[in-house]
Amino acid sequence: MKALRGGFLALLYAVLYAPLVVMVLFSFNSARSTTSFNGFSFRWYENLFSDYALLSVLQNTLLISVLASLVATALGVVAAYGIFRMKAGKLKNAVNTVTNIPLTNPDIITGVSLMLLFTFVGRLLGRTEILGIWTLLLAHVTFDLPYVILNVLPRLVQSDRSQYEAALDLGCTPSKAFWKILFPNMVPGIFTGMVMAFTLSLDDFIISYYTNGHFDILATKLYSAVRKPISPSYYALYTIIFLVILLLLVTVNLLQLRAETKHLRKRKERRTSR
């Protein structure tokens, strides 16, 4: 049974990570072939940094991902704090349900509905070409926001509310109590939510396809590029992106582990002091 379980896990990880290994391997291939490795070379990385059209699309992608993650994080922190301060009841349950709907809603429905909304607003404003960078940014903020809320809200729930209430009783204003007591506990959730929002924006295709107009990002550019033999420069680009995302995820996990260890240590100290 143990050997069977180990074999199943090995097969599972092979299916998950074999495509990434192949992509990274062939990004260093000296030839364009994706079936035989002709020799180690940085040729496609050199081509990548001289392909200004592809670098321009990468710049567009990073611009949208960074702006969407920052805006969604700012709005998500405010929304999470508002939900946290709400009294338990039907209204709070309704708000939590509405927050979860975008997570379960199929991307194609979200993309089409946002496209129809933007087009309708564009007609009201007398504009025939409204889809572009701003509609794409709004769409990304829309689907990023719930992930930020659901990363920040548990941190608020886990915080010691008695400390916040004690600070208010001792004369702190609500804003000062928030920054002194609640915000430090929220920081790991904020960082995790921001990184998740960034990676989701970087990865999204379906919603971007319906809301980007003529503003290309990597996902939509790659979709048009696969209709003809794809340049291995894309392998090099996505290898770099994969390594950057991997580094971010490792950093987030280490920060979460550090925060949880610190939280457990404080709880243990409070118990022993009693």
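Just so it is clear, none of the values below were taken in a lab; they were calculated from the coordinates. These numbers come from a predicted model, not from an experiment. Glycine also receives a Cβ, built like all others from the backbone with ideal geometry; neighbour counts cover every protein chain displayed.
Charges on Cβ only, +1 for Lys and Arg, -1 for Asp and Glu, centred on the Cα centroid of the chain; of VAL78, THR272, LEU4, which one is farthest towards the dipole's positive end?
Final value for the positive-end residue is THR272.
For the residues MET115, MET186, MET86, MET23, what sequence is obtained by ranking on other C-beta atoms within 10 Å, fewest first?
If I rank by nearby Cβ atoms, fewest first, I get MET86, MET23, MET115, MET186.
Assigning unit charges at the beta carbon (Lys, Arg +1; Asp, Glu -1) and nothing else, what dipole magnitude in debye, to the nearest 20, does the stretch 86-179 show about its Cα centre?
Here the size comes out at about 240 debye.
What 222 nm value per residue comes from the helices of the chain, counting each DSSP H run with n ≥ 4 as -39,500 (n - 2.57) and dividing by all residues, nearest 500 deg cm²/dmol?
Helix contribution divided over all residues of the chain: -26500 deg cm²/dmol.
For the stretch 165-231, state which trypsin sites (Lys or Arg not before Pro) are in a DSSP loop and have at most 16 other beta carbons lying within 10 Å of their beta carbon.
ARG227
Looking at PHE42, PRO174, LEU255, which one has the Cα that reaches farthest to the positive end of the dipole of the chain (charges on Cβ: Lys, Arg +1; Asp, Glu -1)?
Of the listed residues, the answer is PRO174.
Based on the alpha-carbon gyration tensor of the stretch 234-274 and its eigenvalue square roots a ≥ b ≥ c, which shape applies: rounded if a/c is under 1.5, prolate if not and a/b is larger than b/c, or oblate?
Judged from the Cα gyration tensor, the stretch 234-274 comes out prolate (a/c at least 1.5, a/b above b/c).
Using Cα atoms only, what is the angle between the long axis of helix 90-104 and the major principal axis of the chain, expressed in degrees (0 to 90) to the nearest 10?
Value to nearest ten degrees: 10.
Stretched out fully, how many nm does the piece from LEU25 to ASN38 gain, at 0.36 nm a residue minus the Cα gap?
Roughly 3.6 nm would be gained on extension.
Any chance you could tell me what percent of the C-alpha pair distances in the chain go past 30 Å?
For the chain, the fraction of Cα-Cα distances above 30 Å is 47 percent.
Roughly speaking, what is the stretch gain from HIS214 to LYS176, that is 0.36 nm per residue apart minus the C-alpha to C-alpha distance, in nm to one decimal?
Result: 9.1 nm gained on full extension.
Could you work out the longest stretch of the chain that avoids the chymotrypsin sites (Phe, Trp or Tyr not before Pro) located in DSSP loops with at most 16 other Cβ atoms within 10 Å?
43-204
Charges only on Cβ, +1 for Lys and Arg, -1 for Asp and Glu: so what's the dipole of the chain about the Cα centre, in debye to the nearest 20?
1260
Taking the Cα atoms only, what angle lies between the long axis of helix 233-273 and the longest principal axis of the chain, rounded to 10 degrees?
The angle comes out near 20 degrees.
Setting aside same-chain residues fewer than 8 positions from LYS87, which aspartates and glutamates have a Cα under 16 Å from its Cα?
Counting by Cα, and skipping residues close in sequence, LYS87 has these aspartates and glutamates nearby: GLU165.
How much length would be gained if the chain were fully extended between ALA94 and LYS266, taking 0.36 nm per residue of separation minus their Cα-Cα distance, in nm to one decimal?
Between ALA94 and LYS266, full extension yields 58.5 nm more.
What's the center-to-center distance, using Cα atoms, between the stretch 110-132 and the stretch 75-103 in Å?
The stretch 110-132 and the stretch 75-103 have Cα centres separated by 28 Å.
In degrees between 0 and 90, to the nearest 10, how far off the longest principal axis of the chain does helix 183-203 point, with axes built from Cα atoms?
Orientation of helix 183-203: about 20 degrees from the principal axis.
Taking only C-alpha pairs under 8 Å that are 6+ residues apart, what is the relative contact order of the chain in percent?
Averaging sequence separation for qualifying contacts and normalising by length gives 28 percent for the chain.
Cut-off is 10 Å between beta-carbons; in what order do ASP144, ASP203 appear when sorted fewest neighbours first?
Ordered from fewest to most neighbouring Cβ atoms within 10 Å, ASP144, ASP203 come out as ASP203, ASP144.
In the chain, if the dipole is taken from +1 on Lys/Arg beta carbons and -1 on Asp/Glu beta carbons about the Cα centre, which of SER113, LEU145, ALA225 is farthest to the positive end?
Going by the Cα projections, it comes out as LEU145.
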